[in-house]
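J.: Structure provided below as structure tokens; questions to follow.
The values are calculated or read from the model by the stated rules, or taken from the named source; none is laboratory data. Fair warning: this is a prediction, and the values are worked out from it, not measured in the lab. Here the Cβ positions follow ideal geometry from the backbone for every residue, glycine too, while neighbour counts run over all protein chains shown.
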Amino acid sequence: MNPAWQQVADGVHVWRYPVLDVNVTAVSGHDATLVVDTLSTPAQADRLRRALAELAPGRLVLVNTHAHFDHCFGNATLAGPDTEIWAHEATRRRLADQPGQVVAEAAARHADDDPELAGLAAVTPLAPNRTVHERTVLDLGGRRVQLRYGGRGHTDGDLAVLVPDAGVLVLGDLLEVDAPPQFGDAYPISWPATLARLLRDATGPVVPGHGAVVDTGYARRQRDELAELADRIAAGYAAGTPAERVAAAGPFDLPTRREAVARGYAELAG
Ligand SMILES: [Zn+2]
């Protein structure tokens with residue numbers, strides 16, 4: 001069954017899709033609706049397309065928060081020939097230059113997670129056609145939104161969306177709720193400062209990549225946990241401590257910490 005739209009602010013709605021518990025955010029202006037993230041498959045994106053038509057008929061502008069399949073593989077289904085698809089330049093590069101690798105990784109890791117994801121290997125990703133370097137302002141008609149890059153974090157190309165008139169911040173997987181942060185492609189040492197930069201202008205609801213919408217207090221607490229983990233990793237690296245010993249304690253669960261320490265050591269080694 002399809003989820004219902006949850007209104008989190010005036011003209012800002014979240015569609016929390018049950019498979020992988022992933023969020024799509026729709027920001028409505030007079031001229032266009034900004035759709036942040038596009039789900040994992042053409043079938044899921046087709047459901048989203050119909051839900052969007054009921055919520056806000058009219059022109060869509062798409063944003064991918066990063067290059068992971070569950071946030072961008074629905075692009076081709078939602079986009080027409082003239083549709084703008086925005087992403088950070090690193091995300092566009094990855095989807096444009098290495099689509100085969102992105103699909104193969106997604107299918108290898110996630111095709112068995114749910115029957116809806118069984119066809120992941122057959123998806124042809126559509127790369128973004130507009131890029132953000134650090135900050136881009138889009139006018140949706142009577143409403144301006146900011147697309148922001150805060151630095152490396154969950155990936156090397158995480159884009160956040162700020163809706164200043166509503167105080168809403170959409171963070172993609174830089175913030176995770178109801179599941180631990182995912183470090184598979186992450187930069188654990190850089191991540192806390194990236195999140196702190198993006199949270200500076202947030203005043204209202206904060207939309208994570210997965211899980212329930214939260215407030216800035218929750219997001220700052222997760223930033224603190226990420227910072228504690230980064231400090232432990234940096235101290236362990238400086239002291240030459242084996243990764244497994246560093247991963248033995250700290251925030252989040254053990255498999256999450258193991259991945260974070262491995263990635264953090266690699267980040268510190270350059
Ligand atoms: Zn992700």
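J.: How do the helices (runs of 4 or more DSSP H) wholly within region 1-109 filter down when requiring 2 or more residues that are within 14 Å of the ligand (Cβ to nearest atom) and free of Cβ contacts under 8 Å to residues at least 60 places away in the same chain: which remain?
T.: Values: elements: 42-55, 69-72, 75-78, 89-97.
Answer list for region 1-109: 69-72.
J.: Moving on to the next point. Does GLY172 fit the bill of being buried (at least 21 other Cβ atoms within 10 Å of the Cβ) and in contact with a strand residue (DSSP E or B) (Cβ under 8 Å, 6 or more places away or on another chain)?
T.: yes
J.: Still on this structure, I have one more. So in region 175-189, with the set limited to residues that are within 13 Å of the ligand (Cβ to nearest atom) and buried (at least 24 other Cβ atoms within 10 Å of the Cβ), which one is nearest to ARG220 (Cα to Cα)?
T.: The qualifying residue nearest to ARG220 (Cα to Cα) is LEU175.
J.: Would you check which residues across region 177-203 are closer than 19 Å to LEU147 by Cα, modelled with pLDDT of 95 or more, in contact with a strand residue (DSSP E or B) (Cβ under 8 Å, 6 or more places away or on another chain) and of a type outside the set (Phe, Trp, Tyr) and list them?
T.: THR194, LEU195, LEU198, LEU199
J.: For region 156-174: of the residues being away from the ligand (no atom under 15 Å from the Cβ) and of a type in the set (A, V, I, L, M, F, W, C), which is farthest from HIS88 (Cα to Cα)?
T.: Restricting to residues being away from the ligand (no atom under 15 Å from the Cβ) and of a type in the set (A, V, I, L, M, F, W, C), the top hit is ALA166.
J.: So in region 19-29, with the set limited to residues that are more than 15 Å from the chain's Cα centre (by Cα) and under 18 Å from GLN146 (Cβ atoms), which one is surrounded by the fewest Cβ atoms within 10 Å (Cβ to Cβ)?
T.: Restricting to residues being more than 15 Å from the chain's Cα centre (by Cα) and under 18 Å from GLN146 (Cβ atoms), the top hit is SER28.
J.: Still on this structure: Which ones in region 190-213 are surrounded by 24 or more Cβ atoms within 10 Å (Cβ to Cβ) and either in contact (Cβ under 8 Å) with a residue 40 or more places away in the chain or within 16 Å of the ligand (Cβ to nearest atom) (or both)?
T.: Answer for region 190-213, where residues must be surrounded by 24 or more Cβ atoms within 10 Å (Cβ to Cβ) and either in contact (Cβ under 8 Å) with a residue 40 or more places away in the chain or within 16 Å of the ligand (Cβ to nearest atom) (or both): TRP191, LEU195, LEU198, VAL207, PRO208, GLY209.
J.: Identify the single condition in (1) over 27 Å from LEU62 (Cα atoms); (2) in contact (Cβ under 8 Å) with a residue 24 or more places away in the chain that ARG221 does not satisfy, given that it satisfies every other one.
T.: So ARG221 meets the others, but not (2).
Okay, residues lined up against (1) over 14 Å from PRO205 (Cα atoms); (2) under 20 Å from the mean Cα position of the chain (by Cα); (3) of a type in the set (Ser, Thr, Tyr):
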| residue | (1), (2), (3) |
| --- | --- |
| VAL8 | no, yes, no |
| TYR17 | yes, yes, yes |
| THR33 | yes, yes, yes |
| VAL36 | yes, yes, no |
| ALA45 | yes, yes, no |
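J.: Right, something else. Only one of (1) exposed (fewer than 14 other Cβ atoms within 10 Å of the Cβ); (2) in contact with a helix residue (DSSP H, G or I) (Cβ under 7 Å, 6 or more places away or on another chain) fails for PRO128. Which number is that?
T.: PRO128 satisfies every listed condition except (1).
J.: Shifting gears a bit: Kindly indicate whether any position in region 136-155 is under 26 Å from PHE252 (Cβ atoms), of a type in the set (Gly, Ala, Ser), more than 15 Å from the ligand (Cβ to nearest atom) and crowded, with 20+ Cβ neighbours inside 10 Å.
T.: Checked region 136-155: at least one residue is under 26 Å from PHE252 (Cβ atoms), of a type in the set (Gly, Ala, Ser), more than 15 Å from the ligand (Cβ to nearest atom) and crowded, with 20+ Cβ neighbours inside 10 Å.
J.: Kindly indicate whether any position in region 136-143 is within 16 Å of PHE73 (Cα to Cα) and over 16 Å from the mean Cα position of the chain (by Cα).
T.: no
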